Amino acid sequence: MRRVQPDVWETEVEHPFPGLSTHAYLLVREAGNVLFYNTGHRHELERMATLGGVAYQFLSHRDELGESLNAIHERFGATLGGHRAERDDFARVREPELLFERRGALLEGIEAIPVPGHSPGSTCFQVSSPHGKRYLFTGDTLYRGKAGVWHAGFIPGHNTPEDRRQLIESLGLLETLDPDVIFSSAFTGESGYQELAPGAWPELVERALAELRGS
């Protein structure tokens with residue numbers, strides 16, 4: 001693992017499919033650490049243990065499911081959270097203890113923001129860090145591509161026209177936020193996160209929206 005923010009650690013990269021990379025991110029908190037997304041690297045659990053373990057694990061959508069959820073729970077007793085729309089998908093691996101379906105606070109300083117489109121239960125997580133920054137964990141709703149360009153998570157041939165409509169609405173909601181750092185789950189470039197310059201967020205989202213509408 002490597003530290004990418006004062007209170008955020010990034011797990012070693014994984015390559016679930018050719019050309020696709022993923023990371024999970026551990027948010028270190030006095031009230032209990034939160035792991036966003038998922039990692040299959042068992043050796044990373046030992047590093048997490050030295051940082052205080054994992055009290056909660058929040059998945060942005062069903063594509064992050066895997067048997068490693070059980071290993072993380074067995075090692076740390078982590079509470080698993082996911083969107084209610086994907087409860088049946090979760091239950092095939094592990095029943096989530098915390099379900100959400102509307103925008104709202106999950107823990108102090110952590111907000112769930114449902115953003116359907118990539119999948120029915122896709123969710124972003126906004127974190128107000130005590131270090132003065134706002135983090136946005138975008139899952140695959142917005143992912144970082146080559147040359148640092150961010151794209152909407154619409155997969156032609158897999159997602160439907162209705163998914164596109166929902167994703168356009170979801171990106172419109174995200175555009176109203178004002179994050180300082182964004183972290184995607186999957187990415188196709190060199191990195192899955194980016195610190196934003198002031199005022200850069202609306203332009204980033206608008207570019208992804210324009211591409212989505214034209215695809």
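Could you say whether any residue in segment 68-76 is surrounded by 23 or more Cβ atoms within 10 Å (Cβ to Cβ), part of a loop (DSSP other than H, G, I, E, B) and either β-branched (Val, Ile, Thr) or more than 16 Å from the chain's Cα centre (by Cα) (or both)? Checking segment 68-76: not a single residue is surrounded by 23 or more Cβ atoms within 10 Å (Cβ to Cβ), part of a loop (DSSP other than H, G, I, E, B) and either β-branched (Val, Ile, Thr) or more than 16 Å from the chain's Cα centre (by Cα) (or both). For segment 48-60, filtered to residues that are open to solvent by less than 50 Å² (accessible area, probe 1.4 Å) and more than 14 Å from the chain's Cα centre (by Cα), the residue that is farthest from residue 105 (Cα to Cα) is 49. How many residues, within segment 1-47, are open to solvent by 20 Å² or more (accessible area, probe 1.4 Å) and of a type in the set (Ser, Thr, Tyr)? Adding up the residues that qualify gives 1. Could you look through segment 190-211, keep only residues that are in a helix (DSSP H, G or I) and hydrophobic (A, V, I, L, M, F, W, C), and pick out the one that is farthest from the chain's Cα centre (by Cα)? This residue is 210. Residues being closer than 21 Å to residue 68 by Cα and out of contact with any Ser or Thr (no Cβ under 6 Å at 6 or more places or on another chain): count how many of those fall in segment 88-118. Counting residues in segment 88-118 that are closer than 21 Å to residue 68 by Cα and out of contact with any Ser or Thr (no Cβ under 6 Å at 6 or more places or on another chain) gives 10.
Looking across segment 130-143, the residues that are within 19 Å of residue 62 (Cα to Cα), in a strand (DSSP E or B) and not hydrophobic (A, V, I, L, M, F, W, C) come down to 138, 139, 143. Within segment 1-58, being part of a loop (DSSP other than H, G, I, E, B), under 17 Å from residue 135 (Cα atoms) and basic (Lys, Arg) holds for one residue alone: 29. Write out, first by first residue and then by second, each pair whose Cβ atoms fall under 6 Å of each other, whose residues are 6+ apart or on separate chains, and whose first residue, in segment 108-123, is in contact (Cβ under 8 Å) with a residue 60 or more places away in the chain while the second is open to solvent by 30 Å² or more (accessible area, probe 1.4 Å) and in a loop (DSSP other than H, G, I, E, B). Sorted first by the residue in segment 108-123, then by its partner, the pairs are 113/103; 122/116. Residues in segment 151-189 that are within 14 Å of the chain's Cα centre (by Cα), hydroxyl-bearing (Ser, Thr, Tyr) and assigned to a helix (DSSP H, G or I): there are none.
Of all the residues in segment 104-121, those that are within 20 Å of residue 30 (Cα to Cα) and assigned to a loop (DSSP other than H, G, I, E, B) number 2. For first residues located in segment 137-157 and farther than 17 Å from residue 189 by Cβ and at pLDDT below 90, partners that are part of a loop (DSSP other than H, G, I, E, B) and open to solvent by 30 Å² or more (accessible area, probe 1.4 Å) and lie 6+ apart or on another chain with Cβ distances below 8 Å form the pairs 154/215; 156/215.
Residues checked against (1) in contact with a Ser or Thr (Cβ under 9 Å, 6 or more places away or on another chain); (2) closer than 13 Å to residue 142 by Cα; (3) buried (at least 16 other Cβ atoms within 10 Å of the Cβ):
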{"position": "177", "(1), (2), (3)": "no, no, yes"}
{"position": "180", "(1), (2), (3)": "yes, no, yes"}
{"position": "183", "(1), (2), (3)": "yes, yes, yes"}
{"position": "186", "(1), (2), (3)": "yes, yes, yes"}
{"position": "192", "(1), (2), (3)": "yes, yes, yes"}
{"position": "197", "(1), (2), (3)": "no, no, no"}
{"position": "200", "(1), (2), (3)": "no, no, no"}
{"position": "206", "(1), (2), (3)": "no, yes, no"}
{"position": "209", "(1), (2), (3)": "no, yes, yes"}
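The values are calculated or read from the model by the stated rules, or taken from the named source; none is laboratory data. Remember, predicted model here, so these are calculated numbers, not experimental data. Using ideal geometry, Cβ is built from the backbone for each residue, glycine included, and neighbour counts are taken over all protein chains shown. We work out accessible area using only protein heavy atoms, side chains counted, and drop any ligands, DNA or RNA first. Shrake-Rupley method; radii C 1.70, N 1.55, O 1.52, S 1.80 Å.
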